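The block underneath contains the structure these notes are about, expressed in structure tokens.
The values are calculated or read from the model by the stated rules, or taken from the named source; none is laboratory data. Predicted, not measured: the structure shown is a model, and the values here were computed from it. Cβ atoms come from the backbone with ideal geometry, glycine included; neighbour counts cover every protein chain shown. Accessible surface areas use protein heavy atoms only, side chains included; no ligands, DNA or RNA. Shrake-Rupley method; radii C 1.70, N 1.55, O 1.52, S 1.80 Å.
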Amino acid sequence: MVDEVPDPYAKAVGTNGKRAMVVDLKKTDPTNWAQDKAPQLKNPTDAIIYELHIRDASIAASSGITHKGKFLGLTETGTKTCRVTTGLDHLKELGVTTYSPPAFF
């Protein structure tokens, strides 16, 4: 059996990450994507980067998050435990400026 590996320069891969595909990214970009801007920092060292696993950050029973373990759950606002905010609200309170999702493939 031969393992399939996509081209390392592929712009898109299938859900299992094993096959590259041709994609017109301009057709798949969200509305106003071209106008999206990165945070402006005086120095790159000013970035406060946080990496997390979506499921781990939103799955706790006491999180106050409705869509537990899902991307949508992490984006819910106003969620909290009995003591602290949860989801992206909590990361914002921590001062995080940049989010780096882990690679899925």
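Taking the condition of being at pLDDT below 85 and charged (D, E, K, R), how many residues in segment 8-35 meet it?
Qualifying residue count for the region: 3.
Scan segment 88-105 for residues that are part of a loop (DSSP other than H, G, I, E, B) and modelled with pLDDT under 65 and jot them down. Can you show your working first?
So the first thing to find is which residues in segment 88-105 are part of a loop (DSSP other than H, G, I, E, B), and the list is 95-97, 100-105.
Listed by number, the residues that qualify are SER100, PRO101, PRO102, ALA103, PHE104, PHE105.
Mind checking whether some residue in segment 57-65 is in contact with a Leu (Cβ under 9 Å, 6 or more places away or on another chain) and free of Cβ contacts under 8 Å to residues at least 24 places away in the same chain? Talk me through it step by step, then tell me what you get.
Narrowing segment 57-65 to residues in contact with a Leu (Cβ under 9 Å, 6 or more places away or on another chain): 57-58, 65.
With the extra rule that they be free of Cβ contacts under 8 Å to residues at least 24 places away in the same chain, the set shrinks to 65.
Yes, the conditions are met somewhere in segment 57-65.
Among the residues of segment 16-47, write down those that are surrounded by 13 or more Cβ atoms within 10 Å (Cβ to Cβ) and either β-branched (Val, Ile, Thr) or part of a strand (DSSP E or B) (or both).
ALA20
Which members of segment 48-67 meet the condition of being open to solvent by less than 70 Å² (accessible area, probe 1.4 Å) and within 15 Å of the chain's Cα centre (by Cα)?
Taking segment 48-67 first, the residues open to solvent by less than 70 Å² (accessible area, probe 1.4 Å) are 52, 54, 57-60, 63-65.
Passing the criteria: LEU52, ILE54, ALA57, SER58.
Can you tell me which residues in segment 73-85 are touching a helix residue (DSSP H, G or I) at 6+ places or on another chain (Cβ under 9 Å), hydrophobic (A, V, I, L, M, F, W, C) and open to solvent by 60 Å² or more (accessible area, probe 1.4 Å)?
Start the filter on segment 73-85 by keeping residues that are touching a helix residue (DSSP H, G or I) at 6+ places or on another chain (Cβ under 9 Å), which leaves 73-80, 84-85.
In the following step, the residues that additionally are hydrophobic (A, V, I, L, M, F, W, C) were identified as 74, 84.
Passing the criteria: only VAL84.
Being in contact with a Gly (Cβ under 7 Å, 6 or more places away or on another chain), surrounded by 14 or more Cβ atoms within 10 Å (Cβ to Cβ) and without any contact (Cβ under 8 Å) to a residue 24 or more places away in the chain is the requirement here; does LEU88 meet it? Spell out how you get there, then give the answer.
Values: in contact with a Gly (Cβ under 7 Å, 6 or more places away or on another chain): no; surrounded by 14 or more Cβ atoms within 10 Å (Cβ to Cβ): yes; without any contact (Cβ under 8 Å) to a residue 24 or more places away in the chain: yes.
Judged against the criteria, LEU88 is not a match.
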